[in-house]
Amino acid sequence: MSKSGEKEWLLELRIELDPAAAKLCELAQSISKCEFDSSPESVAAIKADIKKLVAESKLFHDDLASWFCTEEEIDPETFRTRMRKSRHDARNRLNHLFGAVQLIEMSCTDAVLSGMILDMVAQLEVCLSLVDRTQEEPIPGKFAPIGSSAYEVVISDEAIGSKILVADDDPENRSILERLLSPCGFEMEFAVNGKQAVEMMGTTSFDAVLLDIQMPEMDGFEVLAALRESGQLRQTPVIVVTGLQEEQDAVRCIEIGAEDFLSRPIRPALLMARLNASLEKKRLREKVFEQHFTPELARELARNPDPMKMQARQAEVSVMFCDIRRFSAISERLGPSQTVDWLSGVMGEFSTIVINHGGVLVDYTGDELLAMWGAPNEQPNHAELACKASLEILASLPAINDKWRPIVDAETEVGIGVNTGEALVGNIGTHRKFKYGPLGTTVNLASRVQGATKFLRTSLLTTGRTASKLPKDLRGRRLCQVRVQNINAPVNLYELQIEASTEADRNLAAQYELALDKFEEGNFRRASALLGDFLLSVPHDGPGLQLMSRVVNAMLNDESSGGVNPFSPIWTLPGK
């Protein structure tokens with residue numbers, strides 16, 4: 001391409017990008033003049049972030065002249081390198097802006113400021129889209145005028161299947177919107193007046209609302225006020241689509257809480273762009289919940305965050321800790337990069353299993369995963385779900401090792417502990433970081449039970465409280481009574497029974513439990529004989545070997561044999 005062709009292409013880019021950047025500055029200035037309500041501890045931080053937003057917007061606008069210079073000739077051989085550098089710098093500046101917007105949004109509780117922030121997000125997306133077009137072949141004429149593409153409707157993946165409420169008393173207007181949006185994959189419902197719109201919003205979850213202003217019974221302003229009063233404007237974006245064109249009407253709508261204001265005649269591409277931006281923001285909110293919950297529950301919470309579900313409350317839950325064995329030794333050998341890849345791959349598999357079994361992903365702490373069942377939604381079979389997820393994690397290890405053994409040069413092994421009981425559950429994070437999970441002794445005991453797998457040389461343990469809530473064919477064998485660190489009450493530990501267990505397996509489990517009963521009764525010789533036969537069949541059984549060791553020690557310390565220590569069937573674990 002000639003130098004003149006590249007220069008013409010840059011001029012076309014600037015014709016689009018310069019006014020978009022100017023609009024960005026205008027929006028930032030409007031935000032800086034906005035009077036907003038927020039908690040006293042948040043006001044200073046929000047004002048600082050707004051100041052940064054104004055400064056970064058101006059820098060982005062001012063730097064366009066150097067990033068995409070149209071005054072000098074550019075050598076065609078270095079054009080792509082120049083554009084790559086300019087695109088990097090421009091995206092970096094936009095990243096600063098997105099960061100400031102996100103911080104404001106996280107701290108903001110004011111509906112007016114929230115609406116202005118959403119406008120800023122939409123304009124940032126416009127600028128980002130134009131900057132990203134510099135990756136295309138620099139052919140003059142590719143930057144078509146706005147008018148020629150105004151009816152080119154683009155639907156985002158996030159918008160497909162979204163439920164839209166159209167509130168408009170004019171049947172022709174409703175028909176136009178239905179014909180425009182239904183073929184794009186939207187699910188449409190309609191309200192013929194403002195009162196009906198408010199009623200439908202109270203009974204149905206919508207992803208967005210297209211709202212007319214002049215309607216009978218309640219006009220659009222009254223609808224917006226009612227939705228703001230109910231708190232629904234924070235969760236459901238409302239785009240005003242009206243024949244009114246006066247600036248004061250748009251200002252009033254935005255002040256009440258509308259996300260956008262579009263005047264008729266409708267420009268389909270602009271309407272779709274606004275819907276896409278609104279639904280993308282809503283989808284990002286769902287993704288926050290999807291870090292912890294099933295996709296179905298994440299959508300429910302994003303659309304209708306029930307304060308009672310998120311508030312801290314007492315609930316019976318089942319808690320699972322899953323720890324990767326020998327992580328420190330393996331990671332030291334692998335180095336940081338491969339360790340992160342391995343850990344991410346393994347935890348990704350485990351997380352999918354938890355979510356597929358209806359669990360809540362509470363946290364990752366290094367090489368340990370914490371999950372919970374029983375909240376925020378009630379799950380009567382939460383103990384069974386937790387145990388089946390744990391068994392599936394164990395069942396996934398052969399495939400995981402086939403994939404990672406050549407890289408890790410070691411087996412990926414885990415220890416899993418499950419406990420059931422009352423816990424305080426709710427959002428245990430902060431206003432900047434959402435984290436839903438449990439607190440209390442139930443959680444601490446689950447962690448200790450996971451640690452006990454090391455001493456019993458087994459992969460999966462549950463407490464007696466969990467085992468009591470399981471079907472008989474899943475409950476497995478009772479291994480011992482233990483006392484763990486920092487928890488005084490003794491607890492029974494169980495090993496789950498896998499679905500593929502045979503009659504012989506069940507007989508061996510019963511033989512072990514009989515030996516355990518004799519040991520706890522103080523009949524050490526009978527316990528020793530039973531365990532001896534048991535270990536002939538399963539010589540490497542960790543719990544069996546540990547129990548035999550305890551039997552031998554008890555025999556040596558038996559007072560009748562000259563021992564001095566009184567016998568206790570409760571084993572105090574030597575560590576966490």
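Read-outs: derived from the displayed coordinates by stated rules, not from any lab. Owing to the predicted nature of the structure, the values given are computational and were not obtained by experimental measurement. When we count neighbours, we look across all protein chains shown, and the Cβ atoms used for this are built from the backbone with ideal geometry, even at glycine.
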First check a/c for segment 163-289, with a ≥ b ≥ c the square roots of the eigenvalues of its C-alpha gyration tensor; if it is under 1.5, answer rounded, and if not, answer prolate when a/b is larger than b/c or oblate otherwise. rounded
Extended-chain gain in nm, criterion 0.36 nm per residue less alpha-carbon gap, Arg326 and Glu178: 47.4 nm
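Measure up Lys52/Lys85; Lys58/Lys281; Lys33/Lys163; Lys23/Lys281 against 28 Å on the Cα-Cα distance and list the ones that go over.
Lys33/Lys163
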With Rg from the Cα atoms and Rh as the Kirkwood inverse mean 1/r over Cα pairs, segment 364-412 has an Rg/Rh of 1.12
Footprinting exposure proxy for His382, His540 (fewest neighbouring C-beta atoms within 10 Å first): His540, His382
Round to a whole angstrom and tell me the spacing of the C-alpha centers of segment 216-233 and segment 464-521. 59 Å
Centroid-to-centroid separation of segment 175-206 and segment 351-398 [C-alpha atoms, Å]: 38 Å
Rounded, prolate or oblate: which fits segment 301-413, taking a ≥ b ≥ c as square roots of the Cα gyration tensor eigenvalues, rounded meaning a/c under 1.5, else prolate when a/b beats b/c? prolate
With label points set 7 Å from each Cα along the Cα-to-Cβ direction at Glu199 and Asn507, the distance between them in nm comes to 7.1 nm
Taking K and R as +1 and D and E as -1, what net charge do the other residues with C-beta under 12 Å from the C-beta of Ala111 add up to? -3
Space enclosed by the convex hull of the alpha-carbon atoms of segment 517-559, per residue, Å³: 58 Å³
Provide the packing ranking of 523-529, 219-225, 384-390, i.e. peptides ordered by the mean count of other C-beta atoms within 10 Å per residue, highest first. 384-390, 219-225, 523-529
Rounded to the nearest 5, what % of the DSSP beta bridges within segment 377-528 are antiparallel ones? 80 percent
